[in-house]
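Student: Structure below; questions to follow.
The values are calculated or read from the model by the stated rules, or taken from the named source; none is laboratory data. From a predicted model like this one, the values you see are computed outputs, not experimental measurements. Glycine also receives a Cβ, built like all others from the backbone with ideal geometry; neighbour counts cover every protein chain displayed. Accessible surface areas use protein heavy atoms only, side chains included; no ligands, DNA or RNA. Shrake-Rupley method; radii C 1.70, N 1.55, O 1.52, S 1.80 Å.
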Amino acid sequence: MHPPHHIEVLHDALFGFARAMLDRFGAFHPFGGYLSAPDHVVQVDFARAMREDAEAAGSFDALVAALGELDVHAAAHALAIDMRLHPPRDGMTAAIGLHIAQSDGTRIDLVMPYRTRTGLPTEFGPPFVAKGPPLAFRNNRVQGG
């Protein structure tokens, strides 16, 4: 089954940025994005919020809620986090957690294990769908209007 277009667009944009940060710095701060037009992703950097209010911004739920409120008319929202895997997968202990939700309720939580390598591009293992309840970005969109 082919993923819905909004999920694919957000996945490509956020995964691409996370991969670039891993290749350059070996890590990344949580960041998000939303679709403000069919193929236009607006990326959101939470690093500033984390410096200003570390307690609130450090809460995963607070990041999800903040992202969902940025554009209540967005077709979809996504959050990317740098996470640790316990137990490791294919010898990889780190992963990109990518959480995407469309306004129609379609949601997916992907985990992409990785290993950084000095002077070489980041190596990725096979992605998998996270178990457990998916993230629920706040959906303020008025139904039918």
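Student: Could you give me the residue pairs with C-beta distances under 6 Å whose first residue belongs to region 105-117 and is at negative phi and of a type in the set (D, E), whose second residue is open to solvent by 50 Å² or more (accessible area, probe 1.4 Å) and in a loop (DSSP other than H, G, I, E, B) wherever it lies, and which are 6+ apart or on separate chains?
Tutor: Note: pairs meeting the criteria are D109/P134.
Student: Additional query: Given the structure, is L22 over 20 Å from K131 (Cβ atoms), at pLDDT 85 or above and either buried (at least 19 other Cβ atoms within 10 Å of the Cβ) or in contact with an Asp or Glu (Cβ under 8 Å, 6 or more places away or on another chain) (or both)? Working first, answer last.
Tutor: Working: over 20 Å from K131 (Cβ atoms): yes; at pLDDT 85 or above: yes; either buried (at least 19 other Cβ atoms within 10 Å of the Cβ) or in contact with an Asp or Glu (Cβ under 8 Å, 6 or more places away or on another chain) (or both): yes.
It is true that L22 is over 20 Å from K131 (Cβ atoms), at pLDDT 85 or above and either buried (at least 19 other Cβ atoms within 10 Å of the Cβ) or in contact with an Asp or Glu (Cβ under 8 Å, 6 or more places away or on another chain) (or both).
Student: Also, I was wondering about something else. When you go through H5, H11, H29 one by one, which is the residue that is at pLDDT 85 or above and open to solvent by 60 Å² or more (accessible area, probe 1.4 Å)?
Tutor: Of H5, H11, H29, the one residue that is at pLDDT 85 or above and open to solvent by 60 Å² or more (accessible area, probe 1.4 Å) is H29.
Student: Here is a follow-up. Checking the structure you have, find out if any residue of region 52-59 is in a helix (DSSP H, G or I), modelled with pLDDT of 85 or more and crowded, with 16+ Cβ neighbours inside 10 Å.
Tutor: Looking for residues that are in a helix (DSSP H, G or I), modelled with pLDDT of 85 or more and crowded, with 16+ Cβ neighbours inside 10 Å, one finds none in region 52-59, hence no.
Student: For region 91-101, check the following and say yes or no: at least one residue is crowded, with 17+ Cβ neighbours inside 10 Å, touching a residue at least 60 places away in the same chain (Cβ under 8 Å) and not in a strand (DSSP E or B).
Tutor: No; the residues of region 91-101 include none that is crowded, with 17+ Cβ neighbours inside 10 Å, touching a residue at least 60 places away in the same chain (Cβ under 8 Å) and not in a strand (DSSP E or B).
Student: Restricting the search to region 61-90, which residues are within 17 Å of A13 (Cβ to Cβ) and either aromatic (F, W, Y) or assigned to a strand (DSSP E or B) (or both)?
Tutor: Passing the criteria: A76, H77, A78, L79, A80, I81, D82.
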